[in-house]
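Worksheet: one structure, shown below.
The values are calculated or read from the model by the stated rules, or taken from the named source; none is laboratory data. Keep in mind that this is a model prediction, so the values were computed, not measured. Cβ placement follows ideal geometry from the backbone for every residue including glycine, while neighbour counts extend to all protein chains displayed.
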């Protein structure tokens, strides 16, 4: 009789242990699902981007096209929501830059008003389980979810006046350092921003388009720049013309 009296308890215990194990496996699966390696994209930009941020698009497509598609496929279904802020920002910056490159390889560009509309708003791709555009990543994810104006020095829309495409993928564990490097390089590049002796700030239109983000962080565009460069009090600001020419290396337009 003892055997029969203990059977329900043993059965309940086995069921409880099985349930706990299943929940643990589910938790691990969810954790692993949120993780993604950016090593493929890191290798691509290290190999096909020069010191000036220009891309060897033809060579990339020929030699690293499958690797790029493998990376984009990995981005398509992973859910970054459970990651920390730095890892999530790095994820979305890499997704933007990788898909901008892929867009160029598919025949899109930012060279022309209609072309920019197609590139930024009509070119769709799957990231994090949803079809998105470059505009949506920038405005509806990065700008909407994070108060981080330095993203504007990291997002590269495949154009000459964009920030230089970094020759490494962004990663959460060194994101702040990477973004600071991008800010310093961008502001120190006379092709993109000039600090002439007359005291006038002749700066990128990025500061005009996203003035709200920089002002929210530092009070004004000039004050934000003052965190990186010495500027006059209440300087006059002029915005430079934006060059939408493709950021391709010579002979490397696809």
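Things to note:
- Extreme residue, surrounded by the most Cβ atoms within 10 Å (Cβ to Cβ), among residues of the stretch 34-79 that are assigned to a helix (DSSP H, G or I) and at pLDDT below 95: 34
- For the stretch 219-254, the set of residues classified as in a loop (DSSP other than H, G, I, E, B), over 30 Å from residue 59 (Cα atoms), modelled with pLDDT of 95 or more and in contact with a strand residue (DSSP E or B) (Cβ under 7 Å, 6 or more places away or on another chain) consists of 240 only.
- Lone unmet requirement of (1) under 14 Å from residue 246 (Cβ atoms); (2) in contact with a strand residue (DSSP E or B) (Cβ under 9 Å, 6 or more places away or on another chain); (3) surrounded by fewer than 21 Cβ atoms within 10 Å (Cβ to Cβ) for residue 115: (2)
- Residue-level analysis places residue 142 outside the set of residues that are in contact (Cβ under 8 Å) with a residue 12 or more places away in the chain, surrounded by 15 or more Cβ atoms within 10 Å (Cβ to Cβ) and within 21 Å of residue 70 (Cα to Cα).
- Taken as a whole, the structure leaves residue 140 outside the set of residues that are assigned to a loop (DSSP other than H, G, I, E, B) and modelled with pLDDT of 95 or more.
- Among the residues listed as 168, 197, the single one being free of Cβ contacts under 8 Å to residues at least 24 places away in the same chain and either over 15 Å from the mean Cα position of the chain (by Cα) or under 27 Å from residue 252 (Cβ atoms) (or both): 197
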